[in-house]
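Report on one structure; see the data block that follows.
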Amino acid sequence: LSLPDAFLHYYLATCVFTSSELPDIEYIHSYYFNKIEFIRFNSTVGKFVGYTELGIRNAERWNNDPAFLAQRRAQKETYCKPGIETRYRAALDKTAEPSVRLTSVRPHSGRHPAMLMCSVYNFYPKYISVTWLRDGQPVTSDVTSTDELANGDWYYQIHSYLEYTPRSGEKITCMVEHASFPSPKKVDWNPSMPQSDRNKIATGASGLLLGLILSLAGLIYYKRKARGRVLVPTS
Ligand SMILES: *[C@@H]1O[C@H](CO)[C@@H](O)[C@H](O)[C@H]1NC(C)=O
């Protein structure tokens, strides 16, 4: 038998909320002994609830003490409301509008010859919906998505993939719904070559042209020199 070196008694006060309004806040005050919660005040029931023999006994006693109960009930407002209002002011009612980019990528599964990736960057808060439309109709099959990935700077990103078999004349759309948008944002896939690819081709073509000009100049120079040498008398 080994005895613990210490006993630990502590309590945990929690405010559960969906808005900063008092009716939407639940205040929970839990008492623990050696990691076991033995009694809890729950503001929704306005009373203590016991979980162990000791907890149940104490709940009976405290629930029959109107002054103590009144004090606990008042704590929802005095303890939760200021903290929650501060949190809403600091972060929770703020939104950051994401940027949305559609790109063509190599398909995962090989079931379809084409795949599009809809990348949504730098949004806050986390809750977001990214869906696909084909000629205005929602597409649900062959759609995969990452989770909302935390950048570590309060912002999130998400990537949704659509595997598909292209049809001529169709319109494929990535639709993003987020608290920062007054209405859903729709980005249509433009199958013509993206600007970055055009830039790469332009750079390559200029390089090729420059190379051709230089080698032509070299060739002309060489020919002239060679001809000059021939004209010089040899003896
Ligand atoms: C508080 O009590 C309400 C009503 O019984 C219950 O729905 C809720 O889950 C309780 N909350 C906690 C955290 O125990």
- request: Provide Rg and Dmax in Å for the stretch 94-196, with only Cα atoms included in the calculation.
  value: 13.8, 42
query: Roughly how many nanometres apart are two label points built 7 Å out from the Cα toward the Cβ at Arg61 and Arg224?
result: 11.0
- prompt: For all pairs of alpha-carbon atoms in the chain, what percent lies in each bin of width 5 Å, listed from the first bin to the last filled one?
  reply: 1, 5, 8, 9, 8, 7, 7, 7, 7, 7, 7, 6, 5, 4, 3, 2, 2, 1, 1, 1, 1, 1, 1, 0, 0, 0, 0
- prompt: What Rg and what Dmax come out for the stretch 168-224 when only alpha-carbon atoms are used, in angstroms?
  reply: 23.0, 72
- request: Principal axes first, then extents: for the Cα atoms of the stretch 88-132, list largest minus smallest coordinate on each axis, whole Å, largest first.
  value: 48, 15, 14
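Per residue Cα convex hull volume for the stretch 9-93, in cubic angstrom? Show your work: numbers first, answer last.
On the way: hull volume 8.0 nm³, N = 85.
Once divided by residue count, the hull of the stretch 9-93 is 94 Å³.
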statement: Computed over the chain: longest principal axis from alpha-carbon atoms vs helix 195-231 long axis, angle to nearest 10 degrees, is 30
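Where nothing but the Cβ of Lys and Arg (+1) and of Asp and Glu (-1) is charged, how large is the charge dipole of the chain around its Cα centre, in debye to the nearest 20? Provide the component values of the computation, followed by the final result.
Values: 28 positive and 22 negative charges, 368 e Å.
That gives the chain a dipole magnitude of about 1760 debye.
If you stretched the chain out fully between Asp197 and Asp93, how much longer would it get, using 0.36 nm times the residue separation minus the C-alpha to C-alpha distance? Intermediate values should be presented prior to the final figure.
Working: separation 104, 0.36 × 104 = 37.44 nm, distance 3.95 nm.
Working it through step by step, the gained length comes to 33.5 nm.
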query: How high is the FRET efficiency between Met117 and Ser206 when r is their beta carbon distance and R₀ equals 25 Å, given to the nearest 0.05?
result: 0.25
- prompt: Under a point-charge model restricted to the Cβ atoms of Lys and Arg (+1) and Asp and Glu (-1), what is the dipole moment magnitude of the stretch 9-93 relative to its Cα centre, in debye to the nearest 20?
  reply: 200
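If I stretch the segment between Asn151 and Asp5 completely, what's the gain in nm (0.36 nm per residue apart, minus their alpha carbon distance), one decimal?
Numbers: separation 146, 0.36 × 146 = 52.56 nm, distance 4.17 nm.
48.4 nm is the gain from fully extending Asn151 to Asp5.
Can you count the Lys pairs in the stretch 79-235 with C-alpha separation below 18 Å, eight or more apart or on different chains?
Numbers: Lys94/Lys126; Lys126/Lys185; Lys171/Lys185; Lys171/Lys186.
Eligible lysine pairs with Cα atoms under 18 Å apart amount to 4.
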task: Give the angle, between 0 and 90 degrees and rounded to the nearest 10, that separates the Cα long axis of helix 66-75 from the longest principal axis of the Cα atoms of the chain.
output: 10
- line: Among Ala217, Gly83, Tyr121, the residue whose Cα sits farthest towards the positive end of the charge dipole of the chain, when +1 is placed on the Cβ of each Lys and Arg and -1 on the Cβ of each Asp and Glu, is Ala217
statement: Hull volume per residue for the stretch 37-83, using the convex hull of the C-alpha atoms, in Å³ is 65
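Coordinate-derived values only; no laboratory data. Since the model is a prediction, treat every value here as computed from it, not as a measurement. Heads up, the Cβs are rebuilt from the backbone with ideal geometry, glycines too, and the neighbour counts pull from every protein chain shown.
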